[in-house]
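Undergrad: Shown below is the structure under consideration.
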Amino acid sequence: MRIHPLRPSIWQTGADPTRSRNGIEINVASGVTDNHRREARGPKLNEYEKRIATGQIDRDSLHTTFADVHAPVETISTLKLLTSLALVRPDAFSYGVLAQDKIPGCLLYGPPGTGKTMLAKAVAKESGANMLEISGASINDKWVGESEKLIRAVFTLAKRLSPCVVFIDEADSLLASRSMLSNRPSRREHINQFLKEWDGIEETNAFVMVATNRPFDLDDAVLRRLPRKVLVDLPLKSDRAAILSLLLKGESLDDSASLDEYAERTTYYSGSDLKNVCVAAAMAAVEEENAAAARHTGPEPFRYPERRVLRGDHFEKALRLIPASISEDMDSLKMIRKFDKEFGSGEKKNKKTIGFGVFDAKQYAGPSEARVRHGPNL
Ligand SMILES: Nc1ncnc2c1ncn2[C@@H]1O[C@H](COP(=O)(O)OP(=O)(O)O)[C@@H](O)[C@H]1O
Ligand SMILES: [Mg+2]
């Protein structure tokens, strides 16, 4: 498989993405707003576009930035690079030697709850693009012909929303390989149609991001179309500590709560599991306040504290309640690992890998380890 070389990025130069290199304003921001106004006056959406439009997130409503998601710098710089070219400077790739070098999309794969959706949102937000978030499963309509119309609607809508990140979540349920779909021959046609429509938006500044926890199920033609395959891995200990502090930035912590210790004890937890832990700990604190209110007697009404304080015992309770979700599905983790070895963009000789963890094929975790790529401090 041909991997496109990394190109210098306007992001990497630290330049404002709304400005071209010579400082002339491209004005992505106002361009999009104008687009929207134009669209409101434009032709009406058809029935299928309306259904797809439920996944539309206007750039003004996108709030996730790269600062909210903890991911390795390589992952973020790769995503910025790929998408800034497609979304911010498509003109530069429309002619000459770069014309065949345009990357039509990228694959985000990894265990559930590791931040794939967040990354896609951050990409859209920070490149000033709108987003169209679509679940592959929701397109697989049971009525013959419906799915075709929905697939078409994805791309016609993406064109209207351009610049636009088209985020196909649970992509395996729409774009799974032939062998996976033996009982549904029509799905082969869906894949072909999807690829055809995708070709048709080459000229538009839309970027297709395909996310799945089951990359090994994806159709070969789809995989070929996604030269960049980015692993979004389970967090290592230091990543978990960083994610916990991101999640808890609006909370007050008592000295008895030690995030480093919880990071140590949450091997195999995904970012989403860690979020559930934090929510459970905060809920424990709220329950305690409620119980105190219920017990309260006396002439004065009960006064809730202005801000809750999360203590060690709140976290202990939360950790007892919330296990690592991946531990129920170690098999698919092994399959992700196998896919990563075969296809992962990080698996290039002696190049830094993309994804959490480090950085040498020899350090892959043994079969009993949960991580896809093994790091030094699990
Ligand atoms: N790398 C991460 N950094 C910060 N928060 C995370 C991370 N991964 C997951 N989370 C938390 O878990 C939630 C679900 O993550 P999501 O992006 O939907 O995962 P995925 O799409 O990979 O299943 C997020 O809203 C966030 O609160
Ligand atoms: Mg998701």
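Undergrad: Using mean Cβ contacts within 10 Å as the protection proxy, how do 122-131, 281-290 order, highest first?
TA: Per-residue Cβ counts within 10 Å, averaged per peptide and sorted highest first, yield 122-131, 281-290.
Undergrad: Given a 1.4 angstrom probe, what's the average accessible area per residue across the range 28-231, in square angstrom?
TA: 41
Undergrad: What part of the accessible area of the range 28-231, given as a whole %, is carbon or sulfur when the probe is 1.4 angstrom?
TA: 51
Undergrad: In addition: What does a probe at Asn290 reach in the range 316-331, counting residues whose amide N is under 20 Å from the point 7 Å along Cα→Cβ?
TA: 316-322
Undergrad: To continue, here is another question. Provide the gained length on full extension for the span Arg188 to Glu146, in nm with one decimal, where the gain is 0.36 nm per separating residue minus the Cα-Cα distance.
TA: That works out to 13.7 nm of additional length.
The values are calculated or read from the model by the stated rules, or taken from the named source; none is laboratory data. No experiment lies behind these values; they were computed from the predicted model shown. Using ideal geometry, Cβ is built from the backbone for each residue, glycine included, and neighbour counts are taken over all protein chains shown. Accessible surface is based on the protein model in full, side chains and every heavy atom, while ligands, DNA and RNA are left aside. Shrake-Rupley method; radii C 1.70, N 1.55, O 1.52, S 1.80 Å.
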